[in-house]
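Comments concern the structure below.
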Amino acid sequence: MSPAYHIPPGIVSLWLGLLIVLFTCVDAYEEISDNTLSGLLRPNNDFDIHNGALLSPILRTRVPGTPGSTAVLNHFADFFRTTLPKWTIEFHNSTAKTPLSNGKDVPFRNFIATRDPPWASVGDVGRLTLVAHYDSKIAPEGFIGGIDSAAPCAMIMHAMRSIDAALEKKWSALKEQELYGYLEEERGLQVIFLDGEEAFKEWTATDSLYGSRALATHWDDQVYPAMSEFKGPLSSISLFVLLDLLGSKSPTIQSYYETTHWAYQRLGALEKRFKSLKHFKSNSADSWFIDTENDGHRLAPMGGIQDDHLPFLAKGVEILHLIDYSPFKGFPPVWHTIDDDGEHLDLDTVEDWSMLVTAFVAEWMELEGFFDRPSSPSPRNDESAELEALRLSRKTEL
Ligand SMILES: *[C@@H]1O[C@H](CO)[C@@H](O)[C@H](O)[C@H]1NC(C)=O
Ligand SMILES: [Zn+2]
């Protein structure tokens, strides 16, 4: 600061304090343009159920503690190490006895991948967290769990792959222009593939959600360094988006929580835009997000569904639960039957879901202008125009 005139320091700090309050209250979220929406990468052959690079390796039995589970875990790790090398990956392992383990401990292994702004300290980043469970049910024998939840895992992988370059571009640009690190809250991304969601015998409080219960407890005990923006890994989750039972045709998604209804409505808006741009492959006339027009004060009277979000919800994490369920239709017909396999997935719907998640993440991370547009004649000028716009919008926000 070069003081051309004298401002009492008290006023400066008051003003800074006010700014910080203003900025931490802002739910930054920026719509992407039709052009960007239409140009997002599609999964193409990668969702092929026999040899697709993302989905097919998950379409196998993967009961906790079995070789199938290890193989799928390795698939996740290989994907991030080779395709998304800037992400940090870690495992969270725990053990528990199950009603079928004859007193022996069964290992549960959660997979966690994180991507934070390179300049940010771990405790200062608020993260959009995308979650699905990767374990499969032990019965009926040979159960694959296509919608439950092999397909949701693949959707998340595709979404992260599709936005990673744009995110890198945005962060490099911010860094170059020294437009980072001051007022705007730091935003990062996180992927959690949970183990042990399914009950072994019969769904109870102790026979279910093995991985998510252990992880929520573990993170609740962890504290970030003093002076961090967030207390620990749980409070740094800005939104916990759980995908489950997705991949059947014409899904029905309810909105369950008033505080995250705005995010639900964003997904509903994106669904509408994809459809009107004719960029959805599945042809369902009905809206997937049936509560989009609801004002958020009278949501799902049926309450929540028992799923991996519960241990996090109980600790105050904001939840968006994307699950195909309605009181009239229930879960998709293949649910927990041997028919929930690759062949019974509606692949157009799986692909559309992956595009929807991609677009939502792009808007959350405010990536408009940072996707490559090969048709554009002068990308460099576009880019500086974007940065100029960014700088101007900051000024307006001030
Ligand atoms: C947790 O499990 C993973 C996968 O089996 C393994 O690679 C890792 O070494 C384990 N971590 C610890 C701390 O035991
Ligand atoms: Zn299930």
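Here residue 237 fulfils each of the conditions (1) crowded, with 19+ Cβ neighbours inside 10 Å; (2) within 16 Å of ligand 2 (Cβ to nearest atom) apart from (2). For segment 241-254, the set of residues classified as in contact with a Phe, Trp or Tyr (Cβ under 7 Å, 6 or more places away or on another chain), at negative phi and surrounded by 23 or more Cβ atoms within 10 Å (Cβ to Cβ) consists of 246, 251, 253, listed by residue number. Looking across 356, 322, one residue alone is of a type outside the set (Asp, Glu), within 16 Å of ligand 2 (Cβ to nearest atom) and buried (at least 18 other Cβ atoms within 10 Å of the Cβ). It is 322.
Beta carbons closer than 8 Å, at least 6 apart along the sequence or on distinct chains, pair a first residue in segment 81-106 that is small (Gly, Ala, Ser) with a second that is away from ligand 1 (no atom under 16 Å from the Cβ) for 101/200; 103/97.
Only residues that are more than 23 Å from residue 79 (Cβ to Cβ) and surrounded by fewer than 23 Cβ atoms within 10 Å (Cβ to Cβ) were counted across segment 185-212, and they come to 12.
Contact annotation: residue pairs with Cβ atoms under 7 Å, 6 or more positions apart or on different chains, pairing a residue in segment 336-353 that is at pLDDT 95 or above with a partner that is more than 16 Å from ligand 1 (Cβ to nearest atom) and among the acidic types (Asp, Glu), are 340/148. Considering segment 202-316, the qualifying helices (runs of 4 or more DSSP H), each wholly inside and each with 3 or more residues that are closer than 30 Å to residue 40 by Cα, run over 261-276.
Exactly one residue out of 144, 163, 89 is of a type in the set (Val, Ile, Thr) and out of contact with any Lys or Arg (no Cβ under 9 Å at 6 or more places or on another chain), and it is 163. Only a single item in (1) polar (S, T, N, Q); (2) surrounded by fewer than 13 Cβ atoms within 10 Å (Cβ to Cβ); (3) more than 17 Å from residue 71 (Cβ to Cβ) is not met by residue 83, and it is number (2).
Taking the conditions exactly as written (more than 16 Å from ligand 1 (Cβ to nearest atom), in a helix (DSSP H, G or I), modelled with pLDDT of 95 or more and closer than 26 Å to residue 365 by Cβ), does residue 41 satisfy them or not? No, not satisfied. Residue count for segment 69-103, restricted to those that are within 16 Å of ligand 2 (Cβ to nearest atom), more than 24 Å from the chain's Cα centre (by Cα) and among the small types (Gly, Ala, Ser): 0. Suppose the filter is out of contact with any Phe, Trp or Tyr (no Cβ under 8 Å at 6 or more places or on another chain), outside any loop (DSSP other than H, G, I, E, B) and at pLDDT below 95; does residue 388 pass it? Here the answer is yes, as residue 388 does meet what is asked. When segment 233-277 is limited to residues that are free of Cβ contacts under 8 Å to residues at least 24 places away in the same chain and over 20 Å from residue 155 (Cβ atoms), the one that is nearest to the chain's Cα centre (by Cα) turns out to be 233.
Of all residues in segment 110-124, those satisfying the criterion of being of a type outside the set (Gly, Ala, Ser), buried (at least 22 other Cβ atoms within 10 Å of the Cβ) and farther than 13 Å from residue 167 by Cβ are 110, 111. Checking each residue in segment 109-139 for being more than 12 Å from ligand 2 (Cβ to nearest atom), under 16 Å from residue 64 (Cα atoms) and not charged (D, E, K, R) picks out 110, 111. Here is the figure for segment 220-234: residues that are in contact with a Ser or Thr (Cβ under 9 Å, 6 or more places away or on another chain) and closer than 26 Å to residue 97 by Cβ total 0. Here residue 372 clears all of (1) in a loop (DSSP other than H, G, I, E, B); (2) at pLDDT 95 or above except the condition numbered (2). Pairs are defined by a Cβ separation below 7 Å, a sequence spacing of at least 6 or placement on different chains, a first member in segment 198-213 that is of a type in the set (S, T, N, Q), and a second member that is at pLDDT 95 or above and within 16 Å of ligand 1 (Cβ to nearest atom); the pairs so defined are 212/194.
The values are calculated or read from the model by the stated rules, or taken from the named source; none is laboratory data. Please read all numbers here as calculations on a predicted model, not as lab measurements. FYI the Cβ positions are ideal-geometry reconstructions off the backbone, even for glycines, and counts take in every protein chain you see.
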